[in-house]
Amino acid sequence: MATIVVLVKNVPDTWSTKVLESDNTLDRTNVDSIIDEINEYAVETALQIKEADPERFQVVALSMGPSGADEALRKALAMGADDAVLLSDDALAGSDTVATAWALTNALNTIDDVALVVTGNQSSDGSTGALAGLLSEYRQVPALTQVGAVSVAGDKVTATREDERGTWELEASLPAIVSVTEKAAKPRFPNFKGLQAAKKHEIKQLDIASIGVDAGQVGLSHSATVVQGATEVPARSAGEIIDSGSAEEIAAQVADKLAAKSLI
């Protein structure tokens with residue numbers, strides 16, 4: 001049976017206060033963590049493809065993270081994924097997107113007959129949006145990125161991308177990578193039976209040794225990119241209201257102020 005692998009990630013709750021460690025990596029131990037919302041769209045996409053051809057596909061959720069990252073996997077299981085795999089190793093801590101993609105592609109190699117990898121377009125904690133493209137390069141398979149509706153027929157995957165330039169119909173041969181946006185199918189709510197089954201499901205555990213990755217290829221000290229520093233976004237100040245003069249005079253004042261800030 002062919003496998004659709006959906007990548008999921010435990011991230012700090014959007015409303016939690018984020019704190020950086022001394023090495024400028026995100027403190028993930030003292031915040032509430034949840035499955036990244038965009039990953040729920042990825043899971044839903046994978047499940048709908050499977051449900052359109054249930055004799056052909058199974059859905060496996062894959063995550064990389066520290067202990068506790070299995071919560072995102074259990075959410076995917078509760079929604080309907082057939083199995084789940086967690087890649088967890090202290091050596092992976094602080095990996096940038098390039099190192100993360102390398103670890104994940106090797107974890108994918110442990111899963112039989114991967115026909116399609118589905119991921120969100122970007123995580124809410126890193127927001128690089130580069131994972132699908134990196135996996136495509138490492139695995140030498142096509143990637144359809146930033147898409148909404150996705151379907152599979154025969155050995156082809158088709159998807160629709162909408163951007164500021166218009167709507168694009170994309171197609172690629174399987175195996176392939178797909179990254180979805182919030183324009184993809186709305187995620188379903190897990191039912192009670194699914195939630196109970198997810199709690200009991202045994203999640204397969206992997207470390208870097210089991211996927212053939214060397215510690216010198218991953219982790220903060222071996223990443224190609226690092227965060228040098230960060231500052232908090234300043235509080236938004238009250239806007240300026242221009243309400244004196246004629247419409248033409250007000251428009252001219254607005255244009256002058258925008259030009260002074262090099263915005264026009």
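The values are calculated or read from the model by the stated rules, or taken from the named source; none is laboratory data. The shown structure was predicted, so the numbers you read here are calculated from the model rather than taken from an experiment. No Cβ is skipped: glycine too gets one built from the backbone with ideal geometry, and neighbour counts run over all protein chains shown. Ligands, DNA and RNA are excluded from the accessible area calculation, which covers all protein heavy atoms including side chains. Shrake-Rupley method; radii C 1.70, N 1.55, O 1.52, S 1.80 Å.
Worth pointing out:
- Every condition in (1) closer than 24 Å to SER123 by Cβ; (2) in contact with a strand residue (DSSP E or B) (Cβ under 9 Å, 6 or more places away or on another chain); (3) surrounded by fewer than 12 Cβ atoms within 10 Å (Cβ to Cβ) holds for THR167 except the one numbered (1).
- Filtering region 1-32 to residues that are at pLDDT below 85, of a type in the set (Ser, Thr, Tyr) and open to solvent by less than 50 Å² (accessible area, probe 1.4 Å) leaves SER16, THR25.
- Which listed residue, of SER151, SER173, is touching an Asp or Glu at 6+ places or on another chain (Cβ under 7 Å), surrounded by fewer than 16 Cβ atoms within 10 Å (Cβ to Cβ) and either among the hydrophobic types (A, V, I, L, M, F, W, C) or at pLDDT 95 or above (or both): SER173
- Among (1) farther than 24 Å from LEU73 by Cβ; (2) surrounded by 19 or more Cβ atoms within 10 Å (Cβ to Cβ); (3) over 21 Å from the mean Cα position of the chain (by Cα), the one test that VAL213 misses: (1)
- The residues in region 49-100 that are under 24 Å from GLU21 (Cα atoms), of a type in the set (Gly, Ala, Ser) and surrounded by fewer than 24 Cβ atoms within 10 Å (Cβ to Cβ) can be counted, and the count is 10.
- Any hit, region 117-139, residues being open to solvent by less than 40 Å² (accessible area, probe 1.4 Å), of a type in the set (Ser, Thr, Tyr) and over 25 Å from SER67 (Cα atoms): yes
- Flag if VAL233 is free of Cβ contacts under 8 Å to residues at least 40 places away in the same chain, open to solvent by 50 Å² or more (accessible area, probe 1.4 Å) and not small (Gly, Ala, Ser): yes
- Within the set ALA81, ALA132, ALA101, the sole residue that is of a type in the set (A, V, I, L, M, F, W, C) and in a loop (DSSP other than H, G, I, E, B) turns out to be ALA81.
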